[in-house]
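Worksheet: one structure, shown below.
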């Protein structure tokens, strides 16, 4: 299996998360509870060995402080350097912060294989955010790497990390960067459903992929089978959102939801291999 959505943190942040809450409201919102898990690269590798995952995309957090952002990205790059057969580094920034694009360029030049998970937990996805993403989108296209964006459904229950997002805003962003390879986390907040529309949408979404991160918390097991019927099954990528959930939970739901073995293999392995050039 290849997991395109995992989070790892430097050991000192794992040990002393409260020291990093100041001026970082989004980090505190997601990780204030001691039940919210933080993991190091070694924690992830141990879980991968247990779960049968061969390679994982790893990224950090969209910090407001540039120094913390750079430090976390350095840890991600170091993890890829230490474990090149198993870990693929993505650069993570806060797109609204000064220096974000320069940090993305630094990380891509140093060997990052993509950018993400970029999130806008409290700001939402308005025109200012779409404009702020422009230089990052240009860099991703120039380096030929994907951009992975946080997304979530605009309805339903509230939970930490659920941003004030409308699918129309997400669609507007995709239209603004039609040649950019995008991975939308968490099923794109349900945007994949609109492949069923007869006109326009499938063409607009031609370079958009959807990952399964947090799916067991959000959707019934049938979502895997139905998504593979609604759109090209090659556009679905397995993401666990580790350490939030383990891969075994997803495989159980895939079987319960009636996903075929052929589609499961594409979703958990082949699609990511092709997209990431593995």
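Quick notes
- Between the C-alpha center of the range 145-178 and that of the range 222-278 there is a gap of 20 Å.
- Dimensionless Rg ratio for the range 97-228, taking C-alpha atoms and the 2.2 N^0.38 Å reference: 1.05
- Of the peptides 14-24, 144-154, the ranking by mean beta-carbon count within 10 Å, highest at the top, reads 144-154, 14-24.
- For the range 98-147, the direction-averaged projected area of the alpha-carbon convex hull comes to 3.4 nm².
- Stokes-Einstein diffusion of the range 69-167 at 10 °C, 1.306 mPa s viscosity, Kirkwood radius from Cα pairs, rounded to a whole number: 111 µm²/s.
- Sequence of 92, 269 once ranked by neighbouring C-beta atoms within 10 Å, starting from the fewest: 269, 92
- Values of log10 I(q)/I(0), in the order q = 0.08 Å⁻¹, for the chain under a Debye, Cα-only, solvent-free model: -0.29
- Stokes-Einstein translational diffusion, the range 165-278 - Kirkwood Rh over all Cα pairs, 1.567 mPa s, 4 °C, in µm²/s: 90 µm²/s
- Relative contact order (%) - criterion: Cα under 8 Å, at least six apart; region: the range 185-278: 30 percent
- Ranking of 229, 105, 54 by count of other Cβ atoms within 10 Å, fewest first: 229, 54, 105
- Computed per residue of the chain from DSSP H runs no shorter than four, each worth -39500 (n - 2.57), the mean residue ellipticity at 222 nm is -11000 deg cm²/dmol.
- The range 201-215 versus the range 1-38: alpha-carbon centroid distance in Å: 26 Å
- The ranking of 6, 40, 268 by Cβ neighbour count inside 10 Å, starting from the fewest, reads 40, 268, 6.
Read the figures in this text as sums done on the coordinates, not as results from a lab. Just so we're clear, the structure is a prediction, and the values are computed from it rather than from any experiment. Positions of Cβ are backbone-derived with ideal geometry, glycine not excepted, and every protein chain shown enters the neighbour counts.
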